[in-house]
Structure formats: C-alpha cells, structure tokens
Amino acid sequence: MNTVYDAIVIGSGAGGAAAAHRLVNASWRVLMLEKGSVLPADGSTLDVQRVVTNGEFLSREPWVDGRGREFAPEEHFNLGGKTKWYGAAVLRFGAHEFDADAAHQCRAWPIGYRDLAPYYAQAEQLLGVREFACEPDLARISRRLCRPNGWYSKPLPMALASDIAQDRNEAAHFDGFATVRDLKSDAENTLIRAIAGAPNFTLMTGSAVDALLPSLNDSRRIEGVRLVDGREFRASHVILAAGALHSPRLLETYLRTQAIQGALATNVGRNLKLHLLTAMVAVSPGRKTDLLRKTTLLLNEAYPHSSVQALGFDAELIANLIPRLVPRLVARQVAEWSYGFFLQTEDGSSVDNRVSGMGSGNAKPRMDYSDARVAPARREHRRFVFGFQRALARAGLVSFTKRIGLAGTAHVCGTLITGSDPQTSVVDATGRVHGLDGLYVVDGSILPRSSRVNPSLTIFAWALRTADLLARAQAPRRSSVVTNIDAAVGEPA
C-alpha cells in the first residue's frame, strides 16, 4: 500500500491525540506513531499490587541526574500516554498565569488566556468534564479548615463519567490507574477511538521514532521520521507530542546531526519544569468512607502559586504513603483514618534546569534539575506545606508529608517553550519550531508556565489550537514522497 501523509504525529498522549483528532476531522491524512502498546483490559491496570507496588506499567528507562546518579523517571509508554494514568483533574490556567511573573521567575506566554479559551471549552466538551459533590468526610475537613485560616475551596473539574461511583473499584482507583470500563476520559478513549475508523487515519503502536528526517534538499525543513527498526515515513508536517522529556531529545539529535547551531540548538531542553510536589497524609479519629475523594481544590492567596487537591486514594493506597518503618498492620489502620492530599507549587524557569539527549556512545539521557535554581518557588512551597499542616492541625488533623522527588514526572513540562523571541524560546505562538519548516510541538514541553494546577487541560487546548491553525491556514500540502508501508502498517487502525 502506497500512502502519502499530510502529518505524522509522534506520541498519543494529550497533545498528540488532540492534534490528530482535529486534523483527521479536517480531512488531513494522519499517521500516529506510538512507542508503547495498547494497555490490557483485563483489570490489571486497576490492581494495586501490579500498578503501585510492582510498577509493572512504568517505562523503567534509565536516566542520570545532574550529578550523574542513575534513576528512572515515572514515565509511561502506552497508547494514550500519561492521560491513561493521571488523576483526571482538568483545570484551566488563570488569565494572569499567561503573563510573566519576574519575582517568581515565571516567563510570559506569547498568547493570552483569551486565545486559548475557545480551545479550553472544546477540550472540556470532548473530555466530558464535570464537577462532583464534595463527599461528607472531605466536606467536614474543608469546613473546619476554611473558617479562620484564609483557605477557600472550589469544585475540582474532573474528566470522569457521571456514574463512576456505581463501580466502586474504578471509583476508588482512577487516580494513578488506567480505566478498564472507560469511566475516566483519556486521550485514547475520547479522541483516538473517535477517529480510529477514519480512512485518513493510521495508527501504529510499538513504533519508536529514532530520528527526524529532513527534506531532500533543505535541512531546515522536516519531512519525515525514521523508526528504531529502520523504516522511514514522510509527510509535509511532523508534530512532536512525545512528551517534555522525549520530544527535546529528538529535536536535539536532529540539530546535532544536521549541524544546525545558534539559539535554537542552545534553547532545546532548557527551562525544565516539574512543579514542586508534596504528598500529605492527614489523620483524625474516625474511619474515612468517602469514595472518590478527589472533588475539591483548596487555595490560599497567601500562597499564590500553590494549590491543594485531595488524592483519590483509599486506605489501601494511602498505606503506601506511610513510611515503611511503620508495621504494615498499623499503617493500614492509620490509613483507614486518613485523607490524602497533593500539594503543588509552580516552579519558575531556569535555563540550567534542563534535559539533554543521548549524547555520544552509550551515554544515558540526563535530567539536570535543582529547586535551588528556582529559589522563590522553593521558599513558597516550604511555607505552603507548613501553612497547610498548621491549618490541618487547628482543624484537628495530624499530618505527615512525603516530598515527590526527581522521578515524579507527572507534570513535567517546559523543555521546548513557546515564546515570541527565537533567541529565548523554541516554539512560536502557532506551535512551529523557530527556524524550521514543517515541525510543530503540541505536548507539555511548550509550556513556559505550569501554573498552580495540573497542566493536562492546557496541553489538550494548545494542541487543538495548533492543529486548528494548521488546518485553517492551508489545504493539506500533500507530500511529494510516497512511502511503501505494506508490511509496516497493514490496514488503518
């Protein structure tokens, strides 16, 4: 089968799925390449032992940190990407979070909230976003917490089915687990599945991209990809959506092999952002019986870059947050009386916090990050954690914390940031890589700010906008290169 593609999308998470969905519906011929496979539907992705204790579905790819110490980021390679596993909290960034905040080392977006607002609305509709009533245990905690301390609560928008509470197993295991009955909206079951039968869409899983390819006569025009197994595919547009740890490695490798230097090569991988994250377990007398738990966002303007949300963890999961030196029987009893919280603070940007690729020989990819380089965020996060603990204590709850370390990459972003100035950014306001034709980025790597809330909805919205601008700007430019993919692809997915 000889096929010409208008766009190749690398990655199937929030950004890749949203871009593919929009372009396929605009009659573009789209090839989606996903390194991982389809997750099993046998219930194993809801099994605490297999998911949490054994880490069976994590990538285990070895990296090194800034000091050369090896570790494995908590990444997932599967159809739907991290959206299969995230906790389904989908929030818009505030309008002010598109502006620079020099005191907090936050960079400005090249667009404003109003530019993204229509695409936020589209993403919310596609994901079926809704709010759930605050359950009794959390409502009692929230009432005691919010009275005197400057804290206030807001409903947490969730990408969950309205009837998820009727399936107790799914309802108790949506936060950090992959749905089996499609009761959590993710990139696969809401976007990819909607286009899976389209004749102009081809999906290839188990297909890791090794390199970007130039056009035959211009190294500054990207016109295809080569897979690890040597197969090559060509298209007039290539869309990077492999994630903030992986997209910059592909671009870095391309620039190096094509001897392209200058500001673009310098900026790739810089401004790595992770959110400063702390898990907290709060204990008070009485067994906690809430089911969903993750229904409310807690804020305090004394900590303007920070937010708290409850973890959707039942006692079995909370027990995993209790230090291992505590006997497991005791830990389980404590967990029955506990509520879990997730505290996050937006970190600023530093050009020294960065990702770099494979380097030479057998060198491992490097994630060089230190919160000392974003000192204002570190100071706020420390005050924030202490302030929330103190407020909980006044409300009658004793708490202990666990800081999420470098391996916790659920919210990683910022390594190919968007900006108006090619000297200090990688991607322009339309999603195109500065100085290169045919290459666009739609994953979390473009985020110049991560805000005080989860970034997934903004990634969906950015990708919808980028694809929409592409689709409206021109009729699809058909690639002049026809690629034979008989054995490689088979029938369109």
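A few remarks follow.
- All positions within the range 188-233 that are β-branched (Val, Ile, Thr) and either assigned to a strand (DSSP E or B) or within 21 Å of the chain's Cα centre (by Cα) (or both): Thr190, Ile192, Thr202, Thr205, Val209, Ile222, Val225
- Unique match (being on the phi > 0 side of the Ramachandran plot and crowded, with 19+ Cβ neighbours inside 10 Å) among His246, His275: His275
- The condition (being surrounded by fewer than 21 Cβ atoms within 10 Å (Cβ to Cβ), within 30 Å of Asn267 (Cα to Cα) and not assigned by TED's automatic domain parsing to the domain that holds Gly243) is satisfied by just one residue among Ala363, Ala315, Ala302: Ala363.
- Of the residues examined, Val225 is not one that is out of contact with any Lys or Arg (no Cβ under 9 Å at 6 or more places or on another chain) and closer than 24 Å to Gly414 by Cα.
- For the criterion of being closer than 29 Å to Gly16 by Cβ, in contact with a His (Cβ under 6 Å, 6 or more places away or on another chain) and surrounded by 21 or more Cβ atoms within 10 Å (Cβ to Cβ), Leu156 fails.
- In a residue-by-residue description of the range 30-44, the property of being touching a strand residue (DSSP E or B) at 6+ places or on another chain (Cβ under 7 Å) and of a type in the set (Gly, Ala, Ser) applies to at least one position.
- Identity of the residue in the range 1-50, closer than 16 Å to Leu191 by Cα and among the polar types (S, T, N, Q), that ends up surrounded by the fewest Cβ atoms within 10 Å (Cβ to Cβ): Ser27
- Residues considered: Ala194, Ala139. Of these, the only one that is touching a residue at least 40 places away in the same chain (Cβ under 8 Å) and among the small types (Gly, Ala, Ser) is Ala194.
- A single entry from Ala235, Ala263 fulfils the requirement of being of a type in the set (A, V, I, L, M), over 27 Å from Pro73 (Cβ atoms), touching a Ser or Thr at 6+ places or on another chain (Cβ under 8 Å) and buried (at least 17 other Cβ atoms within 10 Å of the Cβ): Ala235.
- Those helices (runs of 4 or more DSSP H) lying entirely in the range 72-179 with at least 2 residues more than 28 Å from Gly11 (Cα to Cα) and modelled with pLDDT under 95: 136-146
- Selection status of Leu58, under 20 Å from the mean Cα position of the chain (by Cα) and farther than 29 Å from Ala363 by Cα: no
- Matching residues in the range 446-463 - criterion: being of a type in the set (A, V, I, L, M, F, W, C) and part of a helix (DSSP H, G or I): Ile446, Leu457, Ile459, Phe460, Ala461, Trp462, Ala463
- Criterion violated by Asn54 - all others in (1) in contact with a Leu (Cβ under 7 Å, 6 or more places away or on another chain); (2) surrounded by fewer than 16 Cβ atoms within 10 Å (Cβ to Cβ) satisfied: (1)
- Residue match in the range 44-56 (condition: among the small types (Gly, Ala, Ser), assigned to a helix (DSSP H, G or I) and touching a residue at least 40 places away in the same chain (Cβ under 8 Å)): no
- Any chance Gln389 is over 26 Å from the mean Cα position of the chain (by Cα), assigned to a helix (DSSP H, G or I) and modelled with pLDDT of 95 or more: yes
- Subset of the range 407-423 (residues that are of a type outside the set (A, V, I, L, M, F, W, C) and buried (at least 16 other Cβ atoms within 10 Å of the Cβ)): Thr409, His411, Gly414, Thr415, Thr418, Gly419, Pro422
- For the range 424-445, a residue qualifies if it is among the acidic types (Asp, Glu), part of a loop (DSSP other than H, G, I, E, B) and surrounded by fewer than 23 Cβ atoms within 10 Å (Cβ to Cβ), and exactly one does: Asp428.
- Matching residues, the range 57-71, being assigned to a strand (DSSP E or B), of a type outside the set (Val, Ile, Thr) and touching a Lys or Arg at 6+ places or on another chain (Cβ under 9 Å): Trp63, Asp65, Glu70
- Residue within the range 272-279 that is within 25 Å of the chain's Cα centre (by Cα) and among the polar types (S, T, N, Q) present: yes
The values are calculated or read from the model by the stated rules, or taken from the named source; none is laboratory data. These numbers come from a predicted model, not from an experiment. FYI the Cβ positions are ideal-geometry reconstructions off the backbone, even for glycines, and counts take in every protein chain you see.
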